[in-house]
1. Under 6 Å by Cβ, and 6 or more places apart or on different chains, what pairs join a residue from the range 303-325 that is touching a residue at least 60 places away in the same chain (Cβ under 8 Å) with one that is hydrophobic (A, V, I, L, M, F, W, C) and in a helix (DSSP H, G or I)?
2. Can you tell which of Ile56, Ile76, Ile99 is closer than 19 Å to Leu24 by Cβ and in contact with a strand residue (DSSP E or B) (Cβ under 6 Å, 6 or more places away or on another chain)?
3. What number of residues within the range 205-216 satisfy the criterion of being in contact with a Phe, Trp or Tyr (Cβ under 8 Å, 6 or more places away or on another chain) and surrounded by fewer than 20 Cβ atoms within 10 Å (Cβ to Cβ)?
4. Check whether at least one residue in the range 345-359 is surrounded by 18 or more Cβ atoms within 10 Å (Cβ to Cβ) and assigned to a loop (DSSP other than H, G, I, E, B), and report yes or no.
5. Of all residues in the range 255-275, how many are surrounded by fewer than 16 Cβ atoms within 10 Å (Cβ to Cβ) and under 22 Å from Glu337 (Cβ atoms)?
6. Of everything in the range 301-314, what is hydroxyl-bearing (Ser, Thr, Tyr) and under 15 Å from the mean Cα position of the chain (by Cα)? Give them in sequence order.
Amino acid sequence: MKILFVIPALGSVYGGPSKSVIELAQSVGKLGVSVDLITTNANGTQQLDVPLFTWIEEKSYRLQYFPYWNISDYKISFSLTKWLFQHVRDYDLVHTNAIFSYTILPAYWACRRYQIPYIVTPRGMLEPWALSYKAWKKRFYYQLLEKPALDRAKVIQMLASTEAERTKILNLKSPLVIVPNGVHRQDFESLPSPELFWQQFPHTRHKNLILFLGRVDPKKGLDLLSNAFSQIYQQFPQTHLVIAGPDNIGFLPTAKNYFTKAGCLEAVTFTGMLTGELKYSALAAASIYVAPSYSEGFSMSVLEGMASGLAAVITTGCNFPEAAQAGAAHVVNIDKEEIATALRNCLQNPEQTKLMGDRARQFIFEHYTWEHTALKLLNIYNAVLQQKPIPVYS
């Protein structure tokens, strides 16, 4: 079986979606599938310093980058388009990752021309909040280009049960399957010492750290978090909020202003993006993980926080009701008061908070690993190619 993955960009500034596609390609490749991944060299306002037009051999897949033009937020790559029409027939199936992206359109068109089946993973972009954000740009694009392509997909992969439920209103013709993101268990079984993080950010030492791990972006709910954390800081002056993530759209000044207006900026550290050992050290240093998002597909950072043994306070926008059902996280409505109440509960009950973190780690290890995800997708790929009923997962 030969699978082609297509994604607009893999730059680190794009956070979870880029990381998840890389890890998914690697995990599917480990199952003996031949996996190729193509993308552009975009990385926010910069470009990745990578070889172009040549295959890069990774552990269990190949990767090729193409140059692009950035026109009105769209990444247009004529060389990638040309390559797709020349080579898509080399593959049994194409798996696209993203919508509302010009980079993905030629994959649809080439597949249709040469009758190659394809699967689409929207990665949260069909969520109501995502569709309403810059809706004036998306409405025409969706009706003219995106919906016809989605309706021709063999399968649309949803990352969460709630994402699938909210997408039903769109009346898409293709079957929806639920296959979530995952983590590599070995990355979280033994975290490094917090010392590396404390050395980089010494003012956080001896503080009770609440960690936000994600992009600095309007949909991440930092406006809600600023008001919630202001209440917490007044009651628990030893708390400190760490906001760890890239700012790829210039939203950082607005985000900082939220905390300035809330009167708690002095207790907040914006670290920028943390990677590698430093990220794991930050997870080890934290006491609580928080994700106040308005909308997610299925957050990689939520999984990472919980896999690190942290009690998590997440909103319903994170699409993870199963965490609440398992007693592995506080799942609250998208509301500053409910976020504050859950954080307060964690801080007032440290023993219960520790037990919740332990449950969270075990829950993720048992149900949300890349090994599980890759096996589910392999079954779906086989069903598509053999024209058998699509497996149903929940």
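1. Within 6 Å, the pairs are Leu303/Ile364; Ala307/Ile364; Ser308/Leu283.
2. Working: Ile76 fails: closer than 19 Å to Leu24 by Cβ; Ile99 fails: in contact with a strand residue (DSSP E or B) (Cβ under 6 Å, 6 or more places away or on another chain).
Exactly one of Ile56, Ile76, Ile99 is closer than 19 Å to Leu24 by Cβ and in contact with a strand residue (DSSP E or B) (Cβ under 6 Å, 6 or more places away or on another chain), namely Ile56.
3. Residues meeting the conditions: 2.
4. Checked against the condition, which is being surrounded by 18 or more Cβ atoms within 10 Å (Cβ to Cβ) and assigned to a loop (DSSP other than H, G, I, E, B), the range 345-359 yields no hits at all.
5. Qualifying residue count, the range 255-275: 4.
6. Step one: filter the range 301-314 for residues hydroxyl-bearing (Ser, Thr, Tyr), giving 301, 308.
The one that is hydroxyl-bearing (Ser, Thr, Tyr) and under 15 Å from the mean Cα position of the chain (by Cα): Ser301.
So that you can scan it fast, the table gives a plain yes or no per residue for (1) small (Gly, Ala, Ser); (2) in the same structural domain as Glu277 (by TED's automatic domain parsing):
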| residue | (1), (2) |
| --- | --- |
| Tyr133 | no, no |
| Glu146 | no, no |
| Ser161 | yes, no |
| Thr204 | no, yes |
| Gly214 | yes, yes |
| Asp217 | no, yes |
| Ser226 | yes, yes |
| Ser230 | yes, yes |
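Listed here are the residues, each with its yes/no results for (1) hydroxyl-bearing (Ser, Thr, Tyr); (2) in contact with a strand residue (DSSP E or B) (Cβ under 9 Å, 6 or more places away or on another chain); (3) in a loop (DSSP other than H, G, I, E, B).
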site: Leu209; (1), (2), (3): no, yes, no
site: Lys256; (1), (2), (3): no, yes, no
site: Thr260; (1), (2), (3): yes, no, no
site: Val290; (1), (2), (3): no, yes, no
site: Ser295; (1), (2), (3): yes, no, yes
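The values are calculated or read from the model by the stated rules, or taken from the named source; none is laboratory data. Treat the numbers as computed from the prediction; the structure is a model and nothing was measured. Virtual Cβ from ideal backbone geometry, glycine too; neighbours counted across all protein chains shown.
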